[in-house]
Each structure stands twice: as C-alpha cells, then as structure tokens.
Amino acid sequence: MKVLLLGEYSRLHNNLKEGLISLGHEVTLVGDGDGFKNFDVDISIRPSFFSLPGIDLIRKAVFRITKFDLFTFEKGIKFWRKQSKMKGYDVVQLINEKPIKTMPWLERRLLKSIFKNNQDVYLLSCGADTFVVDFLLAEKPKYSILTPYLMDPSLKPTVQYILDYAKKGHQKTHNLLMDHIKGIIASDIDYVLPLEGHEKFKGLIPNPVNLDRIAYQPMTIEGKVNIFLGINRGNMFAKGVPFFEKALKIIQEKYGNEVTIVTVTSLPYKEYIVLFEEAHIILDQVFGYDQGYNALEAMARGKVVFTGAETEFLEHYGSREDEVCINALPDVDYLVAKLSWLIENRDAITSIGANARRFVEKEHEYRMIAQKYVDTWTS
C-alpha cells in the first residue's frame, strides 16, 4: 500500500510511518516539522525564506500592520510547488483539519488537489478540530484545554489557535473535509468523546510508540528525586502548566535537598529528550482524559508521568488509579499531595514506572498500531 501522511504533531505520524514501513508499505510524510520541535519529514513545507535575518523583521512588521502572516503563506506556497509528489496514493491521512497550516482559502485549494489526485482520505482527530472545540465550548467535559479561558476570558489570546476552529472561516474547510473524507480516527479518548455517534467516526486507534528506538532500564533512585517539567509557551495554559509551577514551588520549599527540579522551555524535540532522560517524574499536562504522545514516550522509558488518566481511560484499558501514571488534576494541593507521596515512597516510583513501560508495550506498540490503521483504511 502507498500511504501519504500529511502533517505532524508530537511525532505521531513519524511513529506510524515507521510501523507501516516495517509492515512493508510505502510511506511519505509531508509537514513543517511541527514548529520548534523540528520532527523529521520526507517533504518539507517548513518556512525558510521569511525566517531569514532581516526578512523575518519584514514578516513581523507586515503581520503587525495587516495581520497577514507571510510565514503561514510560505507553507502553502511550498506545498503548492511540491504537489506533483503527492499524487497516486492509496491512502492519505490528515493529521487534523488544517494539516498544511496555511491561509484558509489556500488550505482548501490544496486539499482539493489532494482529494482529486489520490484515493481514500482519512482525517485524524488529534489536537483541536471543529468537533473538539464545539464540544469543549459547550463545557460538556468537567474540564478541558479551554477551561483556563472559560474561567478567565483575558486568556483568550493564549488559546486563539484553538478557538480558530470555531470560526466561520474555518467552517468552509470543515465542510469540505466532511464531504470528501472516508472516515475519522481518534488518537486518544479526549477525541473519542466529541465524535461518538458521528457517521464517519471509525473509532479509537491509540498513539503508536516505536519501542525499538526507546531504551528502557528499570528505574533506580539514588539520592535526589528528579522532577522534570517541559514547557511549550504556545500552549502552557491549555496544558495547565501554571498548576505544575505552583506545585513545584511548594515541593521545592517542602523537600529542599531531597529533590532536583528541572524546567525547560520550548526546546527542539532532540534536545528535550536528552534533558528528560535523567528524570524520575515527568509533569506533562493537567487538562486531559488520556495521554498524548509526549506522556507515552516518557512512560515507555519507565518514568512516572502526571498526565490524563481519567475514569474513561481507566475503564477503557482496564487499569487502576496510579497504576501506570498519575492522573493530573487542576488542583495545586492535589498535585503537591501526589508528588509528596511519590517522594516519600520511592518504591512507588519504581513500580509505576515499570507498569508504564508494560502498558505502552501492550497498548501502543507501533507495528501493532500500524496494522490497526491498515485494517481501518481497508475495511
């Protein structure tokens, strides 16, 4: 099978590509590297001209005056120039409703070319999209990535990239996709909830994790407990980072020399991975029901991860509370209590870390997940 993966978030499509190739399929990945994370792609649409010194200043000036983003426009132009390499695929999968991330009118024009020149196109619900945003704005879940904004409207600029999916301008893109895609696949339980009952929803396929490239060693703790927080300034409020920061301040004061706290901001993926290798505990996100890829990669390394592990997750996988990860909540006292328990009960860190690795091996192994995609695409 010849597969085109369009767009990338958190290395999901890279892992899927590796799984598909191991099963004998031909795969091409198109994208911009997911911003500062700079993931590998086969066909790059990463802006280069408008990031040059001097030219970048012009881009910023144009945006400040007109709100027209030349960076975003360049992605569309690069995609348009490379369209000849994106024809004749058996399956195309879009990472979300704006896989090219260019101007809305240009995004639609380029997607029409994809629909015209390839066979079956599937949409992955991964991150924000119209279904998810409408669901969250209706405040159906008890909390979500939009909770900080809904509680404090002054935070709107920090989640505008999410709210854009609710705009009338994006509705045209959403409608185009609904008219042409063959199905929608959810990457975790956070995206299952908004899609339940939709006629094109094909179900949940968990994030693939390439365990061949993730070394695992049973965790030993000698000396201080190492706690790691990686911050992406672009989505820190949506992830609930301020709750982690406040909890860490208390933990530092409470335990002093018993802990090492490492905080980094907006690092490329390869640098990020190196820095969190020494950690025992990873603080991932507060406003989630399930784990995203960053959490899963940490769990595969045997770390104890504070992330989404709500009742829906526990029931789906037949897991128990605090068995494979810690369910992070928007409650500083709760986070402090959980961190304190781990620091004072180091055997729990070792046990949860080992369970986390086994869980990823059982539920997220990349070749197994790749086969689930193939089965869904060909059903």
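Derivation of every value follows stated rules applied to the coordinates shown; laboratory data play no part. Because the structure is a prediction, the values reported are computed rather than measured. Don't worry about glycine lacking a Cβ; one is built from the backbone with ideal geometry, like all the others, and counts go over all protein chains shown.
With n ≥ 4 as the cut-off for DSSP H runs, can you work out [θ] at 222 nm for the chain, using -39500 (n - 2.57) per run divided by the number of residues, rounded to the nearest 500? Please report the intermediate quantities before stating the final value.
On the way: 17 runs with 172 residues, N = 379.
After summing the helix terms and dividing by residue count, I get -13500 deg cm²/dmol.
Relative contact order, whole percent, for segment 212-363 stands at 28, derived from Cα pairs under 8 Å and 6 or more residues apart. Relative contact order, whole percent, for segment 152-217 stands at 24, derived from Cα pairs under 8 Å and 6 or more residues apart. Given the C-alpha centroids of segment 94-138 and segment 308-361, what is the distance between them in whole angstrom? Using only Cα atoms to place each centre, the spacing works out to 34 Å. Legend: helices of the chain (whole DSSP H runs) are marked when their alpha-carbon atoms reach 30 angstrom or more along the helix axis and their mean Kyte-Doolittle hydropathy is at least -1.0; nothing is marked. With contacts taken as Cα pairs under 8 Å and at least 6 residues apart, the chain reaches a relative contact order of 17 percent. Cross-link pairs exceeding 23 Å between alpha carbons, from the set Lys116/Lys172; Lys101/Lys156; Lys98/Lys200; Lys249/Lys270; Lys67/Lys112: Lys249/Lys270; Lys67/Lys112.
Considering the chain as a Gaussian network with a 10 Å cut-off on Cα pairs, which listed residue, Ala354, Ala215, Ala300, attains the greatest mean-square fluctuation? Per the Cα network of the chain with a 10 Å cutoff, Ala215 tops the list. Taking other C-beta atoms within 10 angstrom as a stand-in for reagent exposure, Cys126, Cys325 fall in the order Cys126, Cys325, fewest first.
For the listed peptides 105-111, 147-153, a ranking on the average number of other beta carbons within 10 Å per residue, highest first, reads 105-111, 147-153.
Distance from the alpha carbon centroid of segment 157-223 to that of segment 260-286 works out to 22 angstrom.
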